[in-house]
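Student: Here you go, one structure.
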Amino acid sequence: MKISSVEYFRIDMPLVQPYTIAYETVNEATNIILKLETDSGLTGWGCAAPDLEVTNETPGDVIRNIDQHITGLLKNESPFQVARITHHLKQLCPSASSTAAMVDMALLDLMARKAKLPLYQMLGGYRNEIPTSITIGILSLKETLDQVAYYLKKGFYIIKMKGGMNLEEDVERVLKVREKYGYDFSLRFDANQGYSASEALEFIDRSENARIEILEQPTNQKKEEQLGEVTRQVSIPVMADESVKTLKDAYKLASKELIDLINIKIMKVGGILESQHINSVSKAAGIEVMVGCIDECALGISAGLHFALSRPNIAYADLDGHLDLLDDPFRNLFDLRNGVLYPSKHPGLGKIEI
């Protein structure tokens, strides 16, 4: 089986509602979709979600990478050579993680379709479902309480709140959420690098009654010792997100015991193959993993889901990015029921209907 055709298209998707995190406000998302056809009639699909802060790319960068490098790299090649192809791509485009994720995803999709298996089964098939958190951006207190009520009624039972811009307001919001809605759901908090170490410690101390389950990326990604300081002094697990963009990052933080958990995002690290390597380092260090996402259409979320289902130490999922998007052309690639994600029974990443 050889790749006979390489095509792509761009999708620009406004958000249902703009959201704010510690370092930006997001109004829309652009994804680049890669379509690979083979001489045997199979088609594989990949998705890039470029983000200057997270992946160091623009949509134009991804398109240039396809035109200048990817088409020539893939044409007439076997998709089963995924390690060789992604290795060469990393040399050609060393700072283009969502570009690499897009190619990796499409190749693995083709392999699983050839094997007539859902991708998660080909990758290891450890579990058949996983609960996901639902994320609430930085909002006013009233808007936060309204959003929590809405998602609890929808059946979600893991709420992730964003913060990091105003310590006083963050403490008030998490305490009021618990005061109004009780403790029958998990509550996680993501500061998106917004705190100093002392502010993170103060937040945890003052919000003790909120019973925060996980504190995600409280401090700046360039100040790893601050992250370690928080990890050593708080009783709840501290998760690295922006601090882990490469395999080397994961090894460094794990070997220095600076974190308790790692958030692996396929777009951030460059694909499922690289995510597997980071997951192995995490497992060796006794660190559990969350599979997260950025502003990805359902195709990208499907890839994250299949990876999350494949390994035992992937204990958490934050795969809700597609719910923020309007005009997503991908449908029915997985099921989301009462806060739990279930993969498609179709081969690969699921049945594509666009």
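Student: Would you pick out the residues in the stretch 43-61 that are in contact (Cβ under 8 Å) with a residue 24 or more places away in the chain, on the phi < 0 side of the Ramachandran plot and part of a loop (DSSP other than H, G, I, E, B)?
Tutor: Hits for the stretch 43-61 are 49, 50, 51, 53, 54, 55, 57.
Student: Further, regarding this structure: Within the stretch 63-104, which residues are in a helix (DSSP H, G or I) and among the polar types (S, T, N, Q)? Break it down into steps so the answer makes sense when it comes.
Tutor: Residues of the stretch 63-104 in a helix (DSSP H, G or I): 63-74, 82-92, 97-104.
Result: 65, 68, 71, 86, 91, 97, 98, 99.
Student: Please pick out the residue among 145, 107 that is part of a helix (DSSP H, G or I) and more than 25 Å from residue 22 (Cα to Cα).
Tutor: Answer to the check: 107.
Student: So which residues in the stretch 286-319 are closer than 24 Å to residue 215 by Cβ and more than 9 Å from the chain's Cα centre (by Cα), if there are any at all?
Tutor: The answer is 286, 287, 288, 289, 307, 308, 311, 312, 313, 314, 315, 316.
Student: If I ask for residues that are of a type outside the set (Ser, Thr, Tyr) and touching a strand residue (DSSP E or B) at 6+ places or on another chain (Cβ under 8 Å), which ones from the stretch 222-248 would you list?
Tutor: 227, 230, 234, 236, 237, 238, 239, 240, 241, 244
Student: Inspect the stretch 208-222 for any residue being on the phi > 0 side of the Ramachandran plot, polar (S, T, N, Q) and without any contact (Cβ under 8 Å) to a residue 60 or more places away in the chain and give the result as yes or no. Even if it seems obvious, please write down each step before you answer.
Tutor: If we filter the stretch 208-222 for residues that are on the phi > 0 side of the Ramachandran plot, which is where we start, we get 211, 217.
This time we only want the ones that are polar (S, T, N, Q), so: 217.
Going one step further and asking which of them are without any contact (Cβ under 8 Å) to a residue 60 or more places away in the chain, we end up with 217.
So far as the stretch 208-222 goes, yes, one or more of its residues are on the phi > 0 side of the Ramachandran plot, polar (S, T, N, Q) and without any contact (Cβ under 8 Å) to a residue 60 or more places away in the chain.
Student: Inspect all residues belonging to the stretch 87-95 and state whether any of them is out of contact with any Pro (no Cβ under 8 Å at 6 or more places or on another chain), modelled with pLDDT of 95 or more and either surrounded by 24 or more Cβ atoms within 10 Å (Cβ to Cβ) or assigned by TED's automatic domain parsing to the domain that holds residue 324 (or both).
Tutor: no
Student: Only one of 62, 16, 82, 26 is of a type in the set (A, V, I, L, M), within 20 Å of residue 274 (Cα to Cα) and within 20 Å of the chain's Cα centre (by Cα); which?
Tutor: Unique residue meeting the criteria: 62.
Student: Enumerate the pairs (first residue in the stretch 113-133 and part of a helix (DSSP H, G or I); second residue anywhere and charged (D, E, K, R)) with beta-carbon separation below 9 Å, excluding pairs fewer than 6 apart on the same chain, so at least 6 apart or on different chains.
Tutor: Within 9 Å, the pairs are 119/109; 119/113; 120/127; 123/311.
Student: Within the stretch 27-42, restricting attention to residues that are buried (at least 17 other Cβ atoms within 10 Å of the Cβ) and in contact (Cβ under 8 Å) with a residue 40 or more places away in the chain, which residue is farthest from residue 134 (Cα to Cα)?
Tutor: Residue satisfying both the conditions and the ranking: 38.
Student: Given the conditions (1) under 21 Å from residue 303 (Cα atoms); (2) in contact with a helix residue (DSSP H, G or I) (Cβ under 7 Å, 6 or more places away or on another chain), report the number of the one that residue 73 does not fulfil.
Tutor: Here residue 73 meets the rest and fails (1).
Student: If you check residue 234 against the conditions, is it buried (at least 22 other Cβ atoms within 10 Å of the Cβ) and either in the same structural domain as residue 313 (by TED's automatic domain parsing) or more than 21 Å from residue 161 (Cα to Cα) (or both)?
Tutor: Answer is no for this residue.
Student: Oh, and also: Pick from the stretch 198-219 the residues that are of a type outside the set (D, E, K, R) and surrounded by fewer than 19 Cβ atoms within 10 Å (Cβ to Cβ): which of them is farthest from residue 262 (Cα to Cα)?
Tutor: Taking the stretch 198-219 first, the residues of a type outside the set (D, E, K, R) are 198, 200-201, 203-204, 207, 209-210, 212, 214-215, 217-219.
From what is left, the residues that are surrounded by fewer than 19 Cβ atoms within 10 Å (Cβ to Cβ) are 198, 201, 209.
On the way: 198: 21, 201: 19, 209: 25 Å.
Per the criteria, the residue is 209.
Student: Now a separate question. Output the number of the condition that residue 158 fails; it satisfies all remaining conditions of (1) touching a Phe, Trp or Tyr at 6+ places or on another chain (Cβ under 7 Å); (2) under 22 Å from residue 242 (Cβ atoms); (3) without any contact (Cβ under 8 Å) to a residue 60 or more places away in the chain.
Tutor: For residue 158, the failing item is (3).
The values are calculated or read from the model by the stated rules, or taken from the named source; none is laboratory data. None of the values given here were measured: they were computed from a predicted structure. Cβ coordinates were reconstructed from backbone atoms using ideal geometry, including for glycine residues, and neighbour counts include every protein chain displayed.
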